[in-house]
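Participant: My questions all concern the structure below.
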Amino acid sequence: MQNFSFYAPTRIHFGQGQVAQLAAEIPAASRVLLVYGGGSIKQNGAYQQVMAALSQHEVFEFAGIEANPEYETLLLAVAQAKAAKVDWVLAVGGGSVIDGAKFIAAAALLDETIDRQRVILHQ
């Protein structure tokens, strides 16, 4: 095995009122792609809190991340992220939304078209 060093900082804000921390975490002039699932975040108030915290940011939305996100859905989000030239991808939702956001953030940095045959997905 090759020697390597891995650094993956993670900051978690947990608890009541912590959504407001987004304003401090994401620089003010940033372009943000907000990704979420079926829209429950609009019903439970999370969407309104996130939008208030990001009021100094340019926010683009991608809704409809399914449970076990479909490759085609994620590619639509990647295309939107590239077209909008976003700096940040923010997942608001559960594990599928978070997993999808990780794919979107990584793929948005690629210059070439993603070839489905070369991508291994967990089904």
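Participant: When only C-alpha pairs under 8 Å and at least 6 residues apart count, what is the relative contact order of the chain, in percent?
Facilitator: With pairs under 8 Å counted, the relative contact order is 27 percent.
Participant: On to the next question. Please rank Leu75, Leu90, fewest neighbouring Cβ atoms within 10 Å first, as an exposure proxy.
Facilitator: Fewest-to-most Cβ neighbours within 10 Å comes out as Leu75, Leu90.
Participant: Let me ask another. If each residue's Cβ is checked for other Cβ atoms within 10 Å, how do Met51, Met1 rank with the fewest at the top?
Facilitator: Values: Met51 16, Met1 3.
Listing Met51, Met1 from fewest to most nearby Cβ atoms yields Met1, Met51.
Participant: Where in region 20-74 are there GluC sites (Glu not before Pro) that are in a DSSP coil and have at most 15 other Cβ atoms within 10 angstrom of their Cβ?
Facilitator: Glu66, Glu70
Participant: While we're on this one: Fewest to most neighbouring Cβ within 10 Å: what's the order for Ile98, Ile26? Intermediate results must be reported in sequence, preceding the final value.
Facilitator: Numbers: Ile98 13, Ile26 18.
The order, fewest Cβ neighbours first, is Ile98, Ile26.
Participant: Do any trypsin sites (Lys or Arg not before Pro) in region 7-47 lie in a loop, going by DSSP, with at most 14 other beta-carbon atoms within 10 Å of their beta carbon, and if so which?
Facilitator: Numbers: sites: Arg11, Arg31, Lys42; in loops: Arg11.
Filter output for region 7-47: Arg11.
Here, each number is a calculation from the coordinates, and none is a lab measurement. Source: prediction; values computed, not measured. Glycine also receives a Cβ, built like all others from the backbone with ideal geometry; neighbour counts cover every protein chain displayed.
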